[in-house]
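The block underneath contains the structure these notes are about, expressed in structure tokens.
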Amino acid sequence: MAAPKKKTKPVTTSFKLQLPAGKATPAPPVGPALSQHGLNIMEFVNQFNKATAKMEDGMIVPAEVLVHPDKTFTLNLKTPPASYLLKKAAGIMKGSGEPNKNKVGKITKKQIEEIARMKLSDLNTNDVPQAMKIIEGSARSMGLEIN
């Protein structure tokens, strides 16, 4: 016998925010983004901070907010952006302004694979080698050399 299907609430709209882990506040960009949809700002702040409390301090976490007709929301957290993970792995503060001319750091294939495996759920592939190619493209566009 099949398991009963999980009922999902209808979604009126959705939007995305990128916030530091555990540090959401009612100040912009959170307050204005939520209030224009009539959502409870403090409920979002508490839910986001609780969900990201165990993550590394300052890590940027993309969050997708699905707004329901009864003014409730569903929070879906994504993995940190590839650029953040690449900068952290390479030990650099920011990418190159001219990635073709100025290289700003180096990253190994092993580090690329770790990032690809971490980001696999958010990429449009289920194949690790293909995910690695996507991450390598991001690394090259940031001015990183791949060893």
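The values are calculated or read from the model by the stated rules, or taken from the named source; none is laboratory data. Just so it is clear, the structure is predicted and the values come from calculations on it, not from any experiment. Every residue, glycine among them, receives a Cβ derived from its backbone with ideal geometry; neighbour counts consider all protein chains shown. To get the accessible areas, we keep the full protein, side chains included, count just its heavy atoms, and leave off ligands, DNA and RNA. Shrake-Rupley method; radii C 1.70, N 1.55, O 1.52, S 1.80 Å.
So which trypsin sites (Lys or Arg not before Pro) in region 71-101 are both in a DSSP loop and have at most 16 other Cβ atoms within 10 Å of their Cβ? Of the trypsin sites (Lys or Arg not before Pro), the ones in loops of region 71-101 whose Cβ has at most 16 other Cβ atoms within 10 Å are K71, K78, K94, K101. Sites listed here are GluC sites (Glu not before Pro) in region 56-144 whose DSSP assignment is loop and whose Cβ has at most 15 other Cβ atoms within 10 Å: E56.
Placing a label point 7 Å from the Cα of K101 along the Cα-to-Cβ direction, the residues of region 121-147 whose backbone N falls under 17 Å from that point are 141-144.
How much area per residue is accessible in the chain when the probe is 1.4 Å and only protein heavy atoms are counted (Å²)? Show your work: numbers first, answer last.
Numbers: 9210 Å² over 147 residues.
Heavy-atom SASA per residue in the chain reads 63 Å².
Counting protein heavy atoms only, the chain has 54 percent of its accessible area on carbon and sulfur, 1.4 angstrom probe.
Our helix-only sum for the chain, with -39,500 (n - 2.57) per DSSP H run of n ≥ 4 divided by its residues, gives a mean residue ellipticity at 222 nm of -10500 deg cm²/dmol. Pairs over the 22 Å Cα-Cα cut-off, from the set K16/K50; K50/K109; K23/K133: K50/K109; K23/K133. Excluding residues fewer than 8 places away in the same chain, name every one of the aspartates and glutamates whose C-alpha is closer than 16 Å to that of K71. Within the straight-line cut-off, K71 pairs with E43. Below 9 angstrom from the Cβ of G143, what's the summed charge of the other residues (Lys, Arg +1; Asp, Glu -1)? Every neighbour counted, the sum reads +1.
How much net charge surrounds M59 when only the other residues with a Cβ under 14 Å from the Cβ of M59 are counted, with Lys and Arg +1 and Asp and Glu -1?
Working: positive: K23, K54, K78, K87, K88, K119; negative: E56, D57.
Result for the neighbourhood of M59: +4.
Quick one: net charge of P80's neighbours, Cβ under 12 Å, K/R +1, D/E -1? Intermediate results must be reported in sequence, preceding the final value.
Values: positive: K78, K87, K88, K119; negative: E56, D122.
Around P80, the surrounding residues sum to +2.
Taken one residue at a time, the phi angles of region 122-136 give Karplus couplings (6.51, -1.76, 1.60, θ = phi - 60°) of 9, 8, 8, 8, 10, 9, 4, x, 5, 4, 4, 5, 5, 5, 4 Hz. Gly and Pro are set to x. Which of the aspartates and glutamates could be linked to K78 by a straight reach, that is with a Cα gap under 12 Å, when you skip same-chain ones fewer than 8 residues away? Counting by Cα, and skipping residues close in sequence, K78 has these aspartates and glutamates nearby: E64, D122. Converting phi to 3J(HN,Hα) with the Karplus coefficients 6.51, -1.76 and 1.60 and the offset θ = phi - 60°, region 72-85 yields 9, 9, 10, 9, 10, 8, 10, 7, x, x, 4, 4, 4, 5 Hz in sequence order, with x at every glycine or proline.
Please compute the volume of the convex hull spanned by the alpha-carbon atoms of the chain and report it per residue in Å³. Let's see the in-between values first.
Numbers: hull volume 23.2 nm³, N = 147.
Taking only Cα atoms, the chain has a hull volume of 158 Å³ per residue.
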